[in-house]
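See below for the structure under consideration.
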Amino acid sequence: MTLSFHEGIELKDPDGLLRGTGKTLRHIRVERLAELERPAIRRFLRQARRLSPLKRKPRTTPDDVITRIKEKPADRKAFPRMF
């Protein structure tokens, strides 16, 4: 799985974990879900949330990060061609 940060260029990365050479996008490759608990990745998620224009409910503790993982969508049947 890849975690992409659309304004990743703005994130502090002292460990050099972020990858990418584009104008703003940076990403991290995550092999296992357990890696999302790594302190460095949690710091990126907190930084990205602070920089985001989207506002959510306040955290209950300073270390809370809301992480949502989407399930793989069910296989869809092909839509019949009309033309």
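Observations, loosely collected:
- Scanning the range 1-20 for residues that are of a type in the set (Val, Ile, Thr) and farther than 22 Å from ALA34 by Cβ turns up just one, ILE9.
Table: residues versus (1) farther than 18 Å from THR2 by Cβ; (2) surrounded by 11 or more Cβ atoms within 10 Å (Cβ to Cβ); (3) modelled with pLDDT of 85 or more; (4) hydroxyl-bearing (Ser, Thr, Tyr).
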residue	(1), (2), (3), (4)
GLU31	no, no, yes, no
PRO39	yes, no, yes, no
ARG42	no, yes, yes, no
ARG50	yes, no, no, no
PRO62	yes, no, no, no
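The values are calculated or read from the model by the stated rules, or taken from the named source; none is laboratory data. Computed from a prediction, not measured in an experiment: that's the story for all the values here. So basically every Cβ, Gly included, is an ideal-geometry build from the backbone, and we count neighbours across all protein chains shown.
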